[in-house]
1. Return yes or no: is L400 closer than 21 Å to G488 by Cβ, in contact with an Asp or Glu (Cβ under 7 Å, 6 or more places away or on another chain) and open to solvent by 10 Å² or more (accessible area, probe 1.4 Å)?
2. Residue under question is S482, and the condition is that it be under 22 Å from the mean Cα position of the chain (by Cα), within 26 Å of D363 (Cα to Cα) and part of a strand (DSSP E or B); does it hold?
3. Restricting attention to segment 260-270, and to residues there that are under 12 Å from F345 (Cβ atoms) and of a type outside the set (G, A, S), which single residue is least open to solvent (accessible area, probe 1.4 Å)?
4. Which ones in segment 94-104 are over 18 Å from the mean Cα position of the chain (by Cα) and either more than 12 Å from F141 (Cα to Cα) or modelled with pLDDT under 95 (or both)?
5. Tell me, which strands (runs of 3 or more DSSP E) lie completely within segment 257-361 with 1 or more residues that are modelled with pLDDT under 95?
6. Go through segment 233-254 residue by residue and tally those that are open to solvent by less than 30 Å² (accessible area, probe 1.4 Å) and either among the aromatic types (F, W, Y) or not in a loop (DSSP other than H, G, I, E, B) (or both).
7. Tell me, yes or no, whether segment 147-157 has at least one residue that is in contact with a Cys (Cβ under 9 Å, 6 or more places away or on another chain) and of a type in the set (D, E).
8. Scanning for something within 23 Å of D315 (Cα to Cα), open to solvent by 60 Å² or more (accessible area, probe 1.4 Å) and part of a helix (DSSP H, G or I), does segment 417-428 turn up at least one residue?
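The values are calculated or read from the model by the stated rules, or taken from the named source; none is laboratory data. Just so you know, these numbers come straight off a predicted model, no measurement behind them. Cβ placement follows ideal geometry from the backbone for every residue including glycine, while neighbour counts extend to all protein chains displayed. Surface areas here come from the heavy atoms of the whole protein model, side chains and all, with no ligands, DNA or RNA. Shrake-Rupley method; radii C 1.70, N 1.55, O 1.52, S 1.80 Å.
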Amino acid sequence: MVVSSMASPLCTCMFQTPGRKMMPNSSKCRNRGGFKSMMNHIESFEEFFGTDSRRFCIFGSSRTRRLISRASSSEEVMAKKKPLTEQRRVVVTGLGVVTPLGHDPDIFYNNLLEGVSGISEIEGFDCSQFPTRIAGEIKSFSADVWVSPKISKRADKSMIYTLTAGKKAFADGGLTEEVNRGLDRSKCGIIIGSALGGLKICTESVAALNVSYKKITPFYVPYVSTNIGSAILAMDLGWMGPNYSSSAACATSNFCILNAAYHIKKGETHMMLCGGSDAAVIPLGRLGGFSACRTLSKRNYEPTKASSPWDTNRDGFVIGEGAGVLLLEELEHAKRRGAPIYAEFLGGSFTCDAYHVTKPHPDGAGVALCIEKALEQSGVAREDVNYINAHAASTPTGDLKEYQALIRCFGMNPELKVNSTKSMIGHLLGAAGAVEAVATIKAIQTGLVHPNINLENPDEGVDMEVLVGSKKECLDIKVALSNSFGFGGQNSSILFAPYK
């Protein structure tokens with residue numbers, strides 16, 4: 001009788017039907033946990049079955065025994081000789097943005113410091129039929145220097161924003177064509193994600209299908225994908241390292257940044273372009289979809305005041321568009337090439353609420369867990385975190401739940417300051433985390449944190465000594481935390497500090 005129900009992976013190769021010899025299937029055994037694990041199984045089988053060669057044929061061959069002993073010894077020697085992996089530090093050496101408040105990191109941050117709002121009436125299409133007619137819409141933008149006319153003609157704006165912000169971060173990091181040719185480009189990668197991808201090209205293709213499938217552009221399938229921006233950027237730069245996109249709703253950018261840092265810390269890459277991009281200010285994505293969810297502000301008569309995190313009069317978030325890209329680099333590699341170092345990336349974490357599609361967990365458990373894990377994995381003491389760029393999207397429930405989680409984690413720090421970039425640019429969806437990471441890094445650089453605009457009537461229980469007021473404030477940042485959360489209960493927290 002063949003024994004086939006044992007838990008061990010060796011079951012099928014060590015037992016036989018009486019009267020019929022079976023040799024061990026060594027290839028299967030080797031692939032199921034190593035020889036040491038196999039020997040442990042053998043010892044337990046000896047106790048239970050004895051060593052009768054008719055039933056336990058692996059002991060039936062002295063040659064097999066010698067092979068097992070030799071391989072087991074070799075495995076132990078290799079394990080002893082395996083070197084410890086030295087922790088590699090990750091720094092930020094380049095920044096690129098496309099936003100409603102400017103397409104240069106310095107211009108963008110200066111506008112934030114001055115409390116300028118990028119929210120206005122939508123001009124890109126007729127939105128008179130929709131309940132919301134305002135957005136963080138990009139009014140003036142040209143990609144001529146950064147994107148070829150052929151791609152600009154065919155691609156969705158989300159992809160064009162990716163290419164533009166990516167190449168700006170590349171150039172900001174002191175990289176030129178000549179320098180790029182001298183890099184080991186197999187060690188350079190790109191992870192730039194999107195929450196919604198090529199929505200405009202998707203909409204246009206659906207309209208074309210209503211006429212005939214022959215009217216659909218052949219570029220529809222590749223250009224609607226969320227990874228296409230990273231892929232085209234890699235083709236332009238010749239970067240052959242890890243290249244993909246991560247999509248985690250409005251937490252997308254932070255997921256991409258964390259994954260990029262992981263590849264560097266593991267020694268797989270020297271540098272990574274990472275971040276997010278979205279262009280959803282269109283009828284289908286911007287107004288149709290989100291209006292149906294009843295999540296958008298309807299303060300059309302006061303566009304600049306519509307995004308108001310922690311204010312009692314907030315009535316939903318304002319959608320924005322754009323892209324943010326960081327150039328992350330291994331510290332020693334950056335120093336060797338004389339790269340500018342803006343800040344150090346310490347690490348972060350992500351969790352899931354596992355509660356509701358759009359609502360945050362009632363007690364903020366997922367957010368608190370995410371922050372605690374970020375601190376633990378980065379080796380950062382909570383008292384060292386004195387600046388937080390909050391997710392705070394101007395939603396009635398989400399803002400307060402995040403604030404409460406922050407106070408639970410950091411409320412004992414008298415230096416703590418919290419603000420929301422979304423009060424001025426709206427919610428850039430998959431691009432939000434990266435654009436806000438740029439704002440966080442600029443705060444570290446300048447020693448100035450931008451104001452929270454439209455915070456006129458704070459929620460009950462909100463401490464205005466913690467929240468930045470209506471004017472910029474000076475702050476010597478020790479460690480900065482940036483949060484991004486998304487539909488589906490996606491939570492993410494990342495940490496930056498001054499480079500020392």
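1. Values: closer than 21 Å to G488 by Cβ: yes; in contact with an Asp or Glu (Cβ under 7 Å, 6 or more places away or on another chain): yes; open to solvent by 10 Å² or more (accessible area, probe 1.4 Å): yes.
So L400 fits the description; yes.
2. Numbers: under 22 Å from the mean Cα position of the chain (by Cα): yes; within 26 Å of D363 (Cα to Cα): yes; part of a strand (DSSP E or B): yes.
Against the criterion (under 22 Å from the mean Cα position of the chain (by Cα), within 26 Å of D363 (Cα to Cα) and part of a strand (DSSP E or B)), S482 qualifies.
3. To start, the set of residues in segment 260-270 that are under 12 Å from F345 (Cβ atoms) comprises 260-262, 264-265.
Now drop any that are not of a type outside the set (G, A, S), which leaves 262, 264-265.
On the way: Y262: 122, I264: 0, K265: 54 Å².
Among those residues, the one meeting the criterion is I264.
4. Let us first name the residues in segment 94-104 that are over 18 Å from the mean Cα position of the chain (by Cα), namely 99-104.
Once the filter is applied, which keeps residues that are over 18 Å from the mean Cα position of the chain (by Cα) and either more than 12 Å from F141 (Cα to Cα) or modelled with pLDDT under 95 (or both), segment 94-104 yields nothing.
5. Details: elements: 271-278, 322-330, 343-352.
Here the list reads 271-278, 343-352.
6. The number of residues fulfilling the criteria is 9.
7. The answer is yes; a qualifying residue exists.
8. There is no residue in segment 417-428 that is within 23 Å of D315 (Cα to Cα), open to solvent by 60 Å² or more (accessible area, probe 1.4 Å) and part of a helix (DSSP H, G or I).
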